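Here is the structure we will look at.
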Amino acid sequence: MSPGKNFVDETSKLSSGEHDASLVAPKVHYLPFKVEFQGPAKISARFTQNVTPHPELASVSCNYFRGRPLVGTKLDLASDYVAFLAEEEPLQQHSKLQRKVETECDNDAETTPAAAAGQPIHLRQRFKDVTYWEWDKVPSSMDSTAKLQDWLKLASVLHEPIKN
Amino acid sequence: MICWFFIFMRQRDCMADYEMDGDDGNKDDVEIVGEAKKRNGLAVFREALDEFAKNRDQDVTVYSEVPKKCKVTTCYVGIDEAGRGPVLGPMVYGIFAAVEDTDAISAKIKKGQSLAKIEECPPVLIDSIKKLNDSKQINEKTRDEVFAQFSDLDHIVYGVKIISPTQISAKSYQRKKISLNEISHNAAIELIQGLIDRGIVIGKVYVDTVGPMEKYQAKLEQLFPELKFKVDKKADSKYKPVSAASVCAKVMRDEALKKWTFGDNCNVKVAQNGWGSDEVTKKFLRANIDPVFGFPNIVRDSWSTASDLLEKRAVKIKWELDEDDAPVQKISKFFVKQPKTEDNTENFPVSVLKPKAQFFSYRSLTQTTKLF
């Protein structure tokens with residue numbers, strides 16, 4: 001099985017250039033909890049629209065989820081990386097979407113169960129930043145999520161062609 | 001080329017908000033208040049409600065204009081709250097200051113009463129408002145009438161603080177929990193400070209108690225050593241300024257509930273007072289649970305009526321910290337000779353024995369071969 005075969009990139013349909021892509025880019029929220037549910041949800045009306053700027057700190061936002069206070073900030077992915085919104089071939093009755101997001105540095109990964117079953121993985125959207133939220137804690141550069149960037153930097157150094 | 005594929009979702013989830021065909025639609029949930037500003041008191045309330053309507057997740061505090069009399073003559077101040085118990089809507093704190101009735105006081109002094117004795121029943125110039133009583137003892141119509149009369153008086157000041165249900169829940173669910181009693185105390189303190197800042201001459205402050213009376217009184221006296229306090233049970237029926245404060249708070253809360261607008265598919269209107277035992281409220285709660293996001297922001301999620309329903313009827317949420325609650329090792333364990341681990345190793349799969357590199361665990365990164 002050749003790598004990448006099972007990924008169908010549909011993001012190119014949305015726009016030709018990367019700059020245009022940012023216009024339709026999804027607002028991705030990375031949350032300090034797990035939701036035991038997959039499927040469509042009223043994210044726009046019930047979450048994105050309620051984001052308010054932090055009263056004191058610049059580039060920090062506030063929101064609430066089921067009564068709990070959340071504090072969030074935008075995390076830009078390193079410039080040479082792209083994040084995709086990926087989705088399995090939707091079931092018939094499921095028509096539109098399963099919203100679940102993965103980040104990746106490239107799209108020829110190891111074989112996934114879905115791929116093994118011959119189901120293509122659809123890359124629906126691409127995005128360059130994520131808003132990550134902490135529960136009642138101002139995001140800092142020491143957060144595990146913020147430090148994700150370290151790996152991206154390290155990885156590109158590790159995988160650089162050896163020059164001599 | 002070596003490729004890595006990472007999912008950083010061990011304890012967390014992602015939500016992607018993007019346009020799709022037949023989107024939920026963004027209903028405009030801001031009600032337009034068309035009427036022009038009316039008189040002083042009502043205008044103040046309208047202002048507060050407008051402000052609150054802009055963002056119902058935040059508290060709003062307003063004061064009526066301060067007449068000159070209140071800055072030169074001693075005022076007696078009352079504090080009371082409305083909507084402490086209900087699961088729906090804001091809790092509103094009211095403060096009310098009225099100029100002393102100097103004639104009545106001097107008449108009583110002539111009779112030989114001490115000021116302390118007189119202050120047991122503060123003689124203020126609102127006694128002329130006949131129906132003024134504890135807001136719970138008079139009906140809505142009378143309350144509105146009484147409240148309307150406040151607008152005509154030029155020797156009173158009042159303020160209200162609308163405490164958002166979102167804030168009530170958030171303070172209960174934040175890392176350092178703040179109890180409802182503390183929220184109440186803080187609101188009262190803020191309002192007292194508000195009157196001080198506005199230059200009102202305060203004779204004594206009468207407060208309906210929240211929690212133990214003596215403790216509350218001591219707390220207030222410590223914070224405002226220059227003021228006299230009387231924290232009492234059922235203060236709203238004993239002291240006129242407190243009755244007036246309770247009317248302000250109650251009228252405000254009722255208006256805030258009535259004017260509450262819902263952005264997303266809330267069909268059941270809140271007509272009742274929002275008590276968890278009330279049938280309309282129960283129906284409202286059951287009808288408005290979003291499987292993921294739970295209740296709309298009119299609901300105090302931290303109330304057990306609400307949290308129990310969420311537990312039963314909404315999708316389960318596992319918070320990051322809940323998962324981290326690993327059982328604490330007993331300290332005695334470190335004083336006991338440990339069995340040699342070599343013998344046990346073979347029983348465990350290799351993955352358990354080989355810890356993940358710290359670099360990755362610190363970043364919540366895991367290598368994966370599974371996408372969904």
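The values are calculated or read from the model by the stated rules, or taken from the named source; none is laboratory data. Everything numeric in this text was worked out from a predicted model, so none of it was measured. Positions of Cβ are generated from backbone atoms using ideal geometry, with glycine treated the same way; all protein chains shown enter the neighbour counts. What goes into the accessible areas is simple: the full protein's heavy atoms, side chains included, and nothing from ligands, DNA or RNA. Shrake-Rupley method; radii C 1.70, N 1.55, O 1.52, S 1.80 Å.
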Pairwise label distance in nanometres, B:ASN139 with B:SER237, each label 7 Å out on the Cα-Cβ vector: 1.9
Interface burial for B against A (accessible surface, 1.4 Å probe, total of both chains, Å², rounded to 100): 6800
Per-residue average of Cβ from other chains inside 10 Å of B:56-68: 1
Long-range amide H partners of B:ASP101 with built H, under 5 Å: B:VAL124, B:LEU125
Sequence-distant residues sharing a close amide H with B:ALA16 (under 5 Å, placed H): A:HIS29
Pairs of Lys in region B:77-183 closer than 28 Å at Cα, counting only those 8 or more apart or on different chains: 18
Residue-normalised accessible area of region B:180-304, given per residue in Å² at a 1.4 Å probe: 42
At R0 = 41 Å, FRET efficiency that the Cβ-Cβ distance of B:ILE178 and A:PHE37 yields, to 0.05: 0.85
Cβ neighbours within 10 Å from other chains - mean over B:290-303: 4
Protection proxy ranking, peptides A:58-68, A:132-142, average beta carbon neighbours within 10 Å, highest first: A:58-68, A:132-142
Test item: B:357-364 mean partner chain Cβ contacts at 10 Å: 3
Under 5 Å, built H, 5+ apart or other chain: amide partners of B:GLY203: B:CYS75, B:TYR76, B:VAL77
Label zone at B:SER106, where the point sits 7 Å out along the Cα-to-Cβ direction: region B:190-205 residues whose backbone N lies under 18 Å: none
R0 of 30 Å, Cβ-Cβ distance B:VAL336-B:PHE360: FRET efficiency to nearest 0.05: 0.40
Sites B:GLN367 and A:SER141, calculated FRET efficiency, Cβ-Cβ separation with R0 25 Å, nearest 0.05: 0.55
GluC sites (Glu not before Pro) restricted to DSSP loop in region B:142-193 with at most 11 other C-beta within 10 Å: none
